[in-house]
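Step one of this worksheet: look at the structure below.
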Amino acid sequence: MERKKNDITWLKVYFMYKLFEKRKAEEKYKWRLNCEDGDIYGLDPNDYETEQDYEDDLYEAKYGWREDYSDCDLDPEDYETEDEFLEALEEERTAWRNYCEIDLNYDVDPEDYETEAEYEEALEKAKYGWRDTCDYEWSYEIDPKDYETEEEYNEALYEMKYGWREEREDDCFFFADLDPEDYETEEDYDEALYEEKLAWYDSHDSAYIDYEIDPSDYDSEEECEEALYEAMEE
């Protein structure tokens, strides 16, 4: 009888111990019931012994991506998710497209370039690439870099090369068959004019030469002869 009584007492102690162990375990892991759900990150609280271990892995799963962007201009710590950060990073990276120089005269679209530097280089080439291929003549002090467009440069170069034609087109009605437009340089024109004068002198009185009468200074042969007579009377 005594033995049976002892067995019952032992069983009570055993069950009380088990109950204590159960409650102790429940107390130890009750954090699993109230912790942040990590299912979307593939984390199960039941796989962890301590809440701290679980929270450490959960934080790493949520924000570990920030370490990959530590060198960026934007602070990853300001963003909750990587998608939000990448969206902001893309906006930051392409923000220059909203305020960059856009010239509709050139087929250069900011959207086609990753960086502002690449875009500006392409725009610069589109605007001034002609300077590398234009007709550059060292004999004239005209630098393509001083001109915004190729048309302006060509106009200035033409004026430098042939501007003399306008100044000389009325200087000699006497030799009307000489047209400055037919000569590349003023030197060529003057040489042709000189030859015309010599030919004219050969066919006229040498007195014109003696009295330094230049036929190119007169509009007609009559005026030239009148000047000769006046010179001879002096």
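Some notes on this structure:
- Taking the listed residues E124, E148, E141, E114, the one that is part of a helix (DSSP H, G or I), surrounded by fewer than 16 Cβ atoms within 10 Å (Cβ to Cβ) and either among the acidic types (D, E) or in contact with a helix residue (DSSP H, G or I) (Cβ under 7 Å, 6 or more places away or on another chain) (or both) is E124, with no other qualifying.
- Test for E155: is it part of a helix (DSSP H, G or I), modelled with pLDDT of 80 or more and either surrounded by fewer than 11 Cβ atoms within 10 Å (Cβ to Cβ) or not polar (S, T, N, Q) (or both): yes
- In the range 175-187, the residues that are touching a residue at least 24 places away in the same chain (Cβ under 8 Å) form Cβ pairs under 7 Å with partners that are of a type in the set (S, T, N, Q), at six or more places apart or across chains, as follows: F175/S216.
- Residues being in contact with a Lys or Arg (Cβ under 8 Å, 6 or more places away or on another chain) and either surrounded by 12 or more Cβ atoms within 10 Å (Cβ to Cβ) or on the phi > 0 side of the Ramachandran plot (or both) - total across the range 25-47: 2
- Annotation note: of D103, D78, the sole residue that is within 30 Å of W31 (Cα to Cα) and assigned by TED's automatic domain parsing to the domain that holds E124 is D78.
- Scan the range 91-108 for residues that are among the polar types (S, T, N, Q) and assigned to a loop (DSSP other than H, G, I, E, B) and the total you get is 1.
- Output for the range 148-188, where each listed residue is over 18 Å from Y218 (Cα atoms) and in the same structural domain as E221 (by TED's automatic domain parsing): E181, D182, Y183, E184, T185, E186, E187, D188
- Every residue from the range 178-216 that is in a helix (DSSP H, G or I) and more than 30 Å from L157 (Cα to Cα): K197, L198, A199, W200, Y201, D202, A207, Y208, I209, D210, P215
- A count restricted to the range 202-234 and to residues that are surrounded by 15 or more Cβ atoms within 10 Å (Cβ to Cβ) and either among the basic types (K, R) or without any contact (Cβ under 8 Å) to a residue 12 or more places away in the chain (or both) stands at 2.
The values are calculated or read from the model by the stated rules, or taken from the named source; none is laboratory data. Note that the structure is a prediction, hence the values are computed from the model and not measured. Ideal geometry is used to build each Cβ from the backbone, glycine not excepted, and the neighbour counts take in all protein chains shown.
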